1. So which of D213, D219 ends up being acidic (D, E), more than 30 Å from K108 (Cα to Cα) and surrounded by fewer than 16 Cβ atoms within 10 Å (Cβ to Cβ)?
2. When you check N261 against the structure, is it exposed (fewer than 11 other Cβ atoms within 10 Å of the Cβ) and either among the hydroxyl-bearing types (S, T, Y) or free of Cβ contacts under 8 Å to residues at least 40 places away in the same chain (or both), yes or no?
3. Residues to consider are W293, W248; find the one that is surrounded by 15 or more Cβ atoms within 10 Å (Cβ to Cβ), over 26 Å from K20 (Cβ atoms) and either of a type in the set (A, V, I, L, M, F, W, C) or not assigned by TED's automatic domain parsing to the domain that holds K209 (or both).
4. Tell me which residues, restricted to segment 224-246, are assigned to a loop (DSSP other than H, G, I, E, B) and in contact (Cβ under 8 Å) with a residue 12 or more places away in the chain.
5. Looking for something among the charged types (D, E, K, R) and touching a Ser or Thr at 6+ places or on another chain (Cβ under 9 Å) - is there at least one such residue anywhere in segment 250-263?
6. Could you tell me which numbered condition P234 fails, if it satisfies all but one of (1) closer than 13 Å to T245 by Cβ; (2) in contact with a Leu (Cβ under 7 Å, 6 or more places away or on another chain)?
7. Any residue that is assigned by TED's automatic domain parsing to the domain that holds S297, assigned to a helix (DSSP H, G or I) and touching a residue at least 12 places away in the same chain (Cβ under 8 Å) - is there at least one of those in segment 201-210?
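The values are calculated or read from the model by the stated rules, or taken from the named source; none is laboratory data. These figures come from a predicted structure and were not determined experimentally. Cβ placement follows ideal geometry from the backbone for every residue including glycine, while neighbour counts extend to all protein chains displayed.
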Amino acid sequence: MMHAKLTFLYSTLLMLSILKIISVNIRRSFETKIDGIIKDYGDCEVICLQECDYIKQNVISDLENNTDFKIYFSQGELHTKGVVTLVKKNIECTNHILKVRLVHTSFKADDKVLNLLNIYSPTKSTGRQGIFYREMIEYCASEEEKRGDKREVESVLDKNGKSCTSKSEVIQVVTDIYSDLYKSQNIDRQSMTDYLEDLEQNKLTEEDKTNFDTFITQDECLKLLKEFKNNKSPGVDGIRNSFYTKFWNIIGEDLVKVLNNVYLNGELTELMKTGLISLIYKNKGNRKDLKQWRPISLLCVDYKILTKFLSKNLSKVINKLLDKNQTGAGPEKLILDNLLSIESILE
């Protein structure tokens, strides 16, 4: 019979960029193999083991007393005896659930919560193990629903209100709606240029230009990274800011070189130019109506670092470029000043 190992991560995408996790089927004999496993995979924060057989209490005690791992295990049946998850002791475990042949552990890492399901089950079975496999899927679905972040819909409405269910129809509806939403408009660029050229514009001094027009340093880059909020969805490259901060000593220098090369070449990388559009339900209206889903663009972290750096530099000189009567879009400028001005005029 074909068997399939499954270590299932949910709730947090790409947590592998934060924790080092390994999944191994050891085919029984846990007691004789555990020393070799710790030796081979001891640098991992999480070790998922399947088909370990029953484990004696003294073996569990020896493991937890003599290693830096905490053990979480089930006592299943047949080929799934002793499904084990080893988690480093410095990682805070916030939840532990046993369900038949399933170990569900929740633990914190870098201010995030990782939910991990460690199971062993045949993918094809009409017997009790097949029932368990379906039960596991239902369990995952219920956990996701608790998060209030269920984004799947079985059908969508086209512009005529017709319900579309097939994959090809759904793709076509989504394509039509967002192609129309993001289509370019006819802009008379020459008129814009003529208008701007006639304006009397403030100019920067050579000293201001020098202060603004600079390369980013490693210290500045790391500082900007730490200003980003954690647990934000990544861009098309799948890399979160926590990945950069955790492995900064390895990749920091290369990242800064990439950002400065973008400046020298005057062009963004292809991934920096690419955004993923994700839909967030507005929690009102018909879920099948795509107008009730708010599109947001997910951008790569390296692009965000670059734009944040430019924004901070620009904020140092922007007031010298803006008209003194402008009351917004600049440091120490408040749009509420308009209300005070109107009130003074009326008085």
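1. Working: D219 fails: more than 30 Å from K108 (Cα to Cα).
It is D213.
2. Details: exposed (fewer than 11 other Cβ atoms within 10 Å of the Cβ): no; either among the hydroxyl-bearing types (S, T, Y) or free of Cβ contacts under 8 Å to residues at least 40 places away in the same chain (or both): yes.
So N261 does not fit the description; no.
3. Details: W248 fails: over 26 Å from K20 (Cβ atoms).
Only one candidate qualifies: W293.
4. Step one: of segment 224-246, the residues assigned to a loop (DSSP other than H, G, I, E, B) are 228-240.
The answer is F228, N230, N231, S233, P234, G235, V236, D237, G238, I239, R240.
5. Of all residues in segment 250-263, those among the charged types (D, E, K, R) come to 253-254, 257.
Going one step further and asking which of them are touching a Ser or Thr at 6+ places or on another chain (Cβ under 9 Å), we end up with none.
Checked against the condition, which is being among the charged types (D, E, K, R) and touching a Ser or Thr at 6+ places or on another chain (Cβ under 9 Å), segment 250-263 yields no hits at all.
6. (1)
7. Among the residues of segment 201-210, at least one is assigned by TED's automatic domain parsing to the domain that holds S297, assigned to a helix (DSSP H, G or I) and touching a residue at least 12 places away in the same chain (Cβ under 8 Å), which makes the answer yes.
Quick grid of which residues meet (1) in a helix (DSSP H, G or I); (2) more than 25 Å from L204 (Cβ to Cβ); (3) in contact (Cβ under 8 Å) with a residue 40 or more places away in the chain:
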residue: N283; (1), (2), (3): no, yes, no
residue: N286; (1), (2), (3): no, yes, yes
residue: I296; (1), (2), (3): no, yes, no
residue: D302; (1), (2), (3): yes, yes, yes
residue: L306; (1), (2), (3): yes, no, yes
residue: N313; (1), (2), (3): yes, no, yes
residue: V317; (1), (2), (3): yes, no, yes
residue: D323; (1), (2), (3): no, no, yes
